[in-house]
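Visitor: What follows is a structure written as structure tokens; I'll ask about it next.
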Amino acid sequence: MAAVLHHRGPDQSGAWADGALGLGHARLAVIDLSPAAAQPMLDGGDRAAIAFNGEIYNFRELRTELEAAGAVFLSHSDTEVVLQGYLRWGTGVFGRLRGMFALALYDRRQRRLILARDRVGKKPLYYHDGPGMFAFGSEIKAILANPEIGRRPNLEALHHYLTLQYTPCPDSAFEGIHRLPPAHFMVVEADGRSRMERYWRLPHP
């Protein structure tokens, strides 16, 4: 699945697994070019792992706040700021982020996967929630690289596309593959239960 996304991140690729869960990443190095910023990234205590796509514009301010609270950083990347922010604030970190992002974060202690997308949906994030399997990726073709996931057209989405010239969230052109809506995060538990929550709304004037 990660190899299919090599064009999105040609600088480095990596994979990490913990039991039945795996994270893969194709990295485009921008902020911290060193191996310390390689992904998937684990925190120093191995409590959580993250695969992150995007850029956080206020990561330096958040890092300063986290360091004052005792966080120890091993890199200069915005990815690690998101990871340490989660360990400090939980899912409340997403509302503090200013930037564009799509991410997958695995909480090893609570055995839960968390997907999140930026406020206006600049970065894409697709997922498949099927019997006995949950898969996700930055592009649909990464999900379709899994031979157990069928390629069936979503005819209702096709109708929307021909009518509106786009496909509304959470649908995609493929049956069984959805988009995480902007300004939302999704929690997937070890037993397969999932829930979605909105963390930000456009302020009314």
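The values are calculated or read from the model by the stated rules, or taken from the named source; none is laboratory data. Note that the structure is predicted; figures quoted are calculated from it, not measured. As a convention, Cβ positions derive from the backbone with ideal geometry for all residues, glycine included, and neighbour counts pool all protein chains shown. Heads up: the accessible areas ignore ligands, DNA and RNA and are worked out on the full protein's heavy atoms, side chains in. Shrake-Rupley method; radii C 1.70, N 1.55, O 1.52, S 1.80 Å.
Visitor: Identify the residue in segment 175-205 that is basic (Lys, Arg) and in contact with a strand residue (DSSP E or B) (Cβ under 9 Å, 6 or more places away or on another chain) and, among all such residues, is surrounded by the most Cβ atoms within 10 Å (Cβ to Cβ).
Guide: Pass one, segment 175-205, residues basic (Lys, Arg): 179, 193, 195, 198, 201.
Narrowing the set further to residues that are in contact with a strand residue (DSSP E or B) (Cβ under 9 Å, 6 or more places away or on another chain) leaves 179, 193, 195, 198.
Numbers: Arg179: 19, Arg193: 9, Arg195: 9, Arg198: 10.
Only one residue fits best here, namely Arg179.
Visitor: Residues in segment 76-118 that are under 13 Å from the mean Cα position of the chain (by Cα), open to solvent by 10 Å² or more (accessible area, probe 1.4 Å) and more than 18 Å from Leu42 (Cα to Cα): how many?
Guide: 2
Visitor: Just the residues that are touching a helix residue (DSSP H, G or I) at 6+ places or on another chain (Cβ under 8 Å) and of a type outside the set (A, V, I, L, M, F, W, C), please, taken from segment 148-174.
Guide: Of the residues in segment 148-174, the ones touching a helix residue (DSSP H, G or I) at 6+ places or on another chain (Cβ under 8 Å) are 149, 151, 166-168, 171-174.
Answer for segment 148-174, where residues must be touching a helix residue (DSSP H, G or I) at 6+ places or on another chain (Cβ under 8 Å) and of a type outside the set (A, V, I, L, M, F, W, C): Arg151, Tyr166, Thr167, Pro168, Asp171, Ser172.
Visitor: Looking only at segment 147-174, count how many residues are touching a residue at least 24 places away in the same chain (Cβ under 8 Å), open to solvent by 30 Å² or more (accessible area, probe 1.4 Å) and assigned to a loop (DSSP other than H, G, I, E, B). I'd like the intermediate steps shown before the answer.
Guide: Looking only at segment 147-174, we keep the residues that are touching a residue at least 24 places away in the same chain (Cβ under 8 Å), and these are 149-150, 152, 169, 172-174.
Going one step further and asking which of them are open to solvent by 30 Å² or more (accessible area, probe 1.4 Å), we end up with 152, 169, 173-174.
With assigned to a loop (DSSP other than H, G, I, E, B) added as a condition, the list becomes 152, 169, 173.
Number satisfying all stated conditions: 3.
Visitor: Here is a follow-up. With under 19 Å from Val188 (Cβ atoms), touching a residue at least 12 places away in the same chain (Cβ under 8 Å) and acidic (Asp, Glu) as the only criterion, which of Asp32, Asp18, Asp46 stands out?
Guide: On the way: Asp32 fails: under 19 Å from Val188 (Cβ atoms); Asp46 fails: under 19 Å from Val188 (Cβ atoms).
Asp18 is the lone residue from the list that is under 19 Å from Val188 (Cβ atoms), touching a residue at least 12 places away in the same chain (Cβ under 8 Å) and acidic (Asp, Glu).
Visitor: Check off (1) within 19 Å of Val30 (Cβ to Cβ); (2) aromatic (Phe, Trp, Tyr); (3) modelled with pLDDT of 95 or more for Tyr127 and give me the number that stays unchecked.
Guide: (1)
Visitor: Considering only residues that are touching a residue at least 60 places away in the same chain (Cβ under 8 Å), surrounded by fewer than 20 Cβ atoms within 10 Å (Cβ to Cβ) and assigned to a loop (DSSP other than H, G, I, E, B), which ones fall in segment 126-146?
Guide: Selection gives Gly132, Glu139, Ala145, Asn146.
Visitor: Test Ala68 against the criterion of being buried (at least 21 other Cβ atoms within 10 Å of the Cβ) and small (Gly, Ala, Ser), and give yes or no. Lay out the reasoning, then the answer.
Guide: Working: buried (at least 21 other Cβ atoms within 10 Å of the Cβ): no; small (Gly, Ala, Ser): yes.
Here the answer is no, as Ala68 does not meet what is asked.
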